[in-house]
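The values are calculated or read from the model by the stated rules, or taken from the named source; none is laboratory data. Owing to the predicted nature of the structure, the values given are computational and were not obtained by experimental measurement. All Cβ positions, even for glycine, are placed from backbone atoms using ideal geometry, and neighbour counts span all protein chains on display.
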């Protein structure tokens, strides 16, 4: 009978521990973003291009890192995947396309307001393809952005942002890398 009491008390202690832990641990909020907008290639080196205007889009899956209780500004880390096309300025220009994916971090600069400014930065892998050229070139992309979130009464948040991107690609048997500098205006929605 004593063994049964010990087992019963042990089971109660284990259940009370797990019920207490269930109250402490909370599910991390997630956020999805979809954005689209124009891209301007304003500087490049070690490559001949006539492409200066294009457009791009990106899907983003983010996890909130801070600001859970509303007393601090929220921060997010995300896994984005984007695609950009620079169609060319004339019929002789070859279309350029880029697939990028990586990690971004976004910090909101206010809380509990209708309009919340944010800053972000990201590191991407970038795959560059030029139409009519066999294969592609794989490089890295660094991105910095500043924007505004527009909160609504629903779960949707609209946003607008300006971003600067620097992309670098290697060239075979050449010491100098291909370097591209972009400015983007993006409009999007978070849900």
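Going by what's in this entry, would residue 10 be described as surrounded by 10 or more Cβ atoms within 10 Å (Cβ to Cβ) and either at pLDDT below 80 or within 30 Å of residue 177 (Cα to Cα) (or both)? Don't jump to the end; show me each part of the working.
Numbers: surrounded by 10 or more Cβ atoms within 10 Å (Cβ to Cβ): yes; either at pLDDT below 80 or within 30 Å of residue 177 (Cα to Cα) (or both): yes.
Yes, satisfied.
Could you please let me know if residue 98 is more than 10 Å from the chain's Cα centre (by Cα), at pLDDT 95 or above and part of a strand (DSSP E or B)? Step through it out loud before you land on a result.
Values: more than 10 Å from the chain's Cα centre (by Cα): yes; at pLDDT 95 or above: yes; part of a strand (DSSP E or B): yes.
Taking the combined requirement at face value, the residue satisfies it.
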Quiz item: Looking at 110, 91, which is the one that is in contact with a strand residue (DSSP E or B) (Cβ under 6 Å, 6 or more places away or on another chain), part of a loop (DSSP other than H, G, I, E, B) and free of Cβ contacts under 8 Å to residues at least 40 places away in the same chain?
Solution: 110
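Out of 159, 191, which single residue is surrounded by 13 or more Cβ atoms within 10 Å (Cβ to Cβ) and more than 19 Å from residue 54 (Cβ to Cβ)? Spell out how you get there, then give the answer.
Numbers: 191 fails: surrounded by 13 or more Cβ atoms within 10 Å (Cβ to Cβ).
Criteria check complete, one pass: 159.
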Quiz item: Residues 80, 38: which one is under 20 Å from residue 183 (Cα atoms), at pLDDT 80 or above and surrounded by 15 or more Cβ atoms within 10 Å (Cβ to Cβ)?
Solution: 80
Exercise. Give the residues of the stretch 41-77 that are modelled with pLDDT under 95, in contact with a strand residue (DSSP E or B) (Cβ under 8 Å, 6 or more places away or on another chain) and in a loop (DSSP other than H, G, I, E, B), sorted by residue number.
Key: 46, 47, 49, 51, 52, 67, 72
